[in-house]
Amino acid sequence: MPYYRQVGEIPHKRHTAFRKPDGGLYAEELMGVEGFSADSALLYHRGLPTAIVDAVAIEDERGPITPNHPLKPRAFKTHDLKFGDADAVTDRRRLFGNADVTIGFVHATKPSPLYRNAAGDELFYVQGGSATVETIYGSLEVGDGDYLVIPTSCTYRVLPHGDDGVKLLTIEARGHIGPPKRYLSAKGQFLEHSPYCERDIRGPSEPLVVDGTDVEVLVRHRAGLTRYTYATHPFDVVGWDGCLYPWVFNIDDFEPITGRVHQPPPVHQTFEGPNFVVCSFCPRKVDYHPESIPVPYNHANVDSDELMFYVRGNYEARKGSGIEVGSLSLHPSGFTHGPQPGAAEASIGAQFFDETAVMVDTFAPLDLGEAADASEDHGYAWTWSGRGPGA
């Protein structure tokens, strides 16, 4: 994260004795990225964060992923996915993936196990419902429209609220996720042209201390999954400070950038990750040139697969194509894509678009997971022509 926070009790100087009421030392832990040369946080534990009593290999049951072959545009309906009594960690269903990112969906209604992703940062988008996310840094409340960034190796668990629980689009990176660098000054401050800033961001505000012994934590790493048993509960941090921590940003706080004619997707960019970007399409006044065409032009984004998740409102370029709230569309590199027939003409003179969507553009092709197979709308590819395959 681009700015410093301090939560709870910490000593005046780094790496100096910080004592408990009984005179013993709190255990200092540096959580840092890029080999001590980038963002970090210092956390102070009541117990030892190194004390494990067991480690067991766990089978990873995400299922295979297959190439988008034959290459074609595809659409998917997340409400077709069945979850039962699911948690936000072990019951995620994989929609898409490649070597850089795994994208899934879950409708969670029960608490997750303690979990740590040691392979990369995670980004959640809350499509509905609410939850408490407990972390070693403290708790965060999330609800509809929230993005939550969870840094690599942050131990956490998700506690859904009520019978309806929480619906999450999950993005797991093989690396780090943050604001686009072009939004930040050399010192890490959001610049004036950024569509959001520090005032829009929520982080943990107080420590979370939980007692317990022989506590299990599921850890994802490059080789798979391991279940550790810790001698004491990892939620034992009495204070921390630094620039690396989980944080929340709500899509309604994104300030759309508009122009006289249609603006390209980079104006909607919200996050960047290793070989992918995440964009927020929000309700906005649209192009004000008297002859402008507000919906997107046909485009061949030759280096990217474009995945769009429709979360609210009416998406003007896709009316009549079977796209609805909770749908996803995948427009792959190698295929020219654009608005549905008649959408360009119908948009002329429009003053405002009431649409909210989350877009993930990847710079390597996205393969299809089992959840994509289970939720695909097989007629979508033919909606531009109004004809079926071979007709």
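All of (1) out of contact with any helix residue (DSSP H, G or I) (no Cβ under 9 Å at 6 or more places or on another chain); (2) free of Cβ contacts under 8 Å to residues at least 60 places away in the same chain; (3) of a type in the set (D, E) hold for E198 with one exception: (2).
Taking the range 191-205 as the search range and keeping residues that are more than 10 Å from D253 (Cα to Cα) and not small (G, A, S), which one is least open to solvent (accessible area, probe 1.4 Å)? Show your work before the answer.
Our first condition is that a residue be more than 10 Å from D253 (Cα to Cα); within the range 191-205, this holds for 191-194, 198, 202-205.
Restricting the remaining residues to those that are not small (G, A, S) gives 191-193, 198, 202, 204.
Working: L191: 63, E192: 183, H193: 102, E198: 46, R202: 90, P204: 0 Å².
Selected residue: P204.
The set of residues in the range 124-168 that are within 25 Å of V210 (Cα to Cα) and aliphatic (A, V, I, L, M) comprises A131, V133, I136, L140, V142, L148, V149, I150, V158, L159, V166. Within the range 343-352, at least one residue is of a type in the set (V, I, T) and at pLDDT below 90. Note down all Cβ pairs under 9 Å where the first residue falls in the range 121-132 and is without any contact (Cβ under 8 Å) to a residue 60 or more places away in the chain and more than 19 Å from T155 (Cα to Cα), the second is open to solvent by 20 Å² or more (accessible area, probe 1.4 Å) and basic (K, R), and they're at least six residues apart or on different chains. Sorted first by the residue in the range 121-132, then by its partner, the pairs are V126/K167; G128/K167; G129/K167.
Can you name every residue in the range 1-45 that is under 26 Å from the mean Cα position of the chain (by Cα), under 21 Å from L208 (Cα atoms) and open to solvent by 90 Å² or more (accessible area, probe 1.4 Å)? Across the range 1-45, the qualifying residues are Y4, Q6.
Filtered by the rule that a residue be of a type in the set (D, E) and not in a strand (DSSP E or B), the range 365-377 gives E370, D373. Every condition in (1) open to solvent by less than 40 Å² (accessible area, probe 1.4 Å); (2) more than 23 Å from H107 (Cβ to Cβ); (3) acidic (D, E) holds for E376 except the one numbered (2).
In the range 312-333, how many residues are modelled with pLDDT of 90 or more and open to solvent by 10 Å² or more (accessible area, probe 1.4 Å)?
Taking the range 312-333 as the starting set, the residues that turn out to be modelled with pLDDT of 90 or more are 312, 325-333.
Among the residues that remain, those that are also open to solvent by 10 Å² or more (accessible area, probe 1.4 Å) are: 312, 325, 333.
Total meeting the criteria: 3.
Can you pull out the residues in the range 94-112 that are open to solvent by 50 Å² or more (accessible area, probe 1.4 Å) and in contact with a strand residue (DSSP E or B) (Cβ under 8 Å, 6 or more places away or on another chain)? Outline the logic, then answer.
Taking the range 94-112 and keeping what is open to solvent by 50 Å² or more (accessible area, probe 1.4 Å), we get 99, 107, 110-111.
Answer for the range 94-112, where residues must be open to solvent by 50 Å² or more (accessible area, probe 1.4 Å) and in contact with a strand residue (DSSP E or B) (Cβ under 8 Å, 6 or more places away or on another chain): H107, K110, P111.
Any residue in the range 169-178 that is without any contact (Cβ under 8 Å) to a residue 60 or more places away in the chain and either among the acidic types (D, E) or open to solvent by 40 Å² or more (accessible area, probe 1.4 Å) (or both)? No, the range 169-178 contains no residue that is without any contact (Cβ under 8 Å) to a residue 60 or more places away in the chain and either among the acidic types (D, E) or open to solvent by 40 Å² or more (accessible area, probe 1.4 Å) (or both). Evaluation of A57 against the conditions (1) surrounded by fewer than 17 Cβ atoms within 10 Å (Cβ to Cβ); (2) under 24 Å from the mean Cα position of the chain (by Cα) shows that the sole unmet condition is (2). Is it the case, given these coordinates, that F281 is touching a helix residue (DSSP H, G or I) at 6+ places or on another chain (Cβ under 6 Å) and either open to solvent by 10 Å² or more (accessible area, probe 1.4 Å) or closer than 18 Å to V149 by Cβ (or both)? Judged against the criteria, F281 is a match. Return the residue satisfying two criteria in turn: it lies in the range 179-190 and is of a type in the set (A, V, I, L, M, F, W, C) and surrounded by 15 or more Cβ atoms within 10 Å (Cβ to Cβ), and of such residues it is farthest from N98 (Cα to Cα). The residue in question is F190. When Q189 is tested against the conditions (1) in contact (Cβ under 8 Å) with a residue 60 or more places away in the chain; (2) within 24 Å of C282 (Cα to Cα); (3) in contact with a strand residue (DSSP E or B) (Cβ under 9 Å, 6 or more places away or on another chain), the lone failure is (3). Here F254 meets each of (1) under 24 Å from P332 (Cα atoms); (2) in contact with a Cys (Cβ under 8 Å, 6 or more places away or on another chain) with one exception, condition (1).
Out of D373, D361, D377, which single residue is of a type in the set (D, E) and in contact with an Asp or Glu (Cβ under 7 Å, 6 or more places away or on another chain)?
Values: D373 fails: in contact with an Asp or Glu (Cβ under 7 Å, 6 or more places away or on another chain); D377 fails: in contact with an Asp or Glu (Cβ under 7 Å, 6 or more places away or on another chain).
Among D373, D361, D377, only D361 is of a type in the set (D, E) and in contact with an Asp or Glu (Cβ under 7 Å, 6 or more places away or on another chain).
Any idea which residue in the range 241-262 is most open to solvent (accessible area, probe 1.4 Å), counting only those that are assigned to a loop (DSSP other than H, G, I, E, B) and modelled with pLDDT of 95 or more? Break it down into steps so the answer makes sense when it comes.
Of the residues in the range 241-262, the ones assigned to a loop (DSSP other than H, G, I, E, B) are 243-246, 254-262.
Filter again for modelled with pLDDT of 95 or more, leaving 243-246, 254-255.
Working: C243: 36, L244: 19, Y245: 5, P246: 1, F254: 6, E255: 110 Å².
Among those that are assigned to a loop (DSSP other than H, G, I, E, B) and modelled with pLDDT of 95 or more, it is E255.
The values are calculated or read from the model by the stated rules, or taken from the named source; none is laboratory data. Everything numeric in this text was worked out from a predicted model, so none of it was measured. Heads up, the Cβs are rebuilt from the backbone with ideal geometry, glycines too, and the neighbour counts pull from every protein chain shown. The area values use the complete protein model at the heavy-atom level, side chains included, leaving out ligands, DNA and RNA. Shrake-Rupley method; radii C 1.70, N 1.55, O 1.52, S 1.80 Å.
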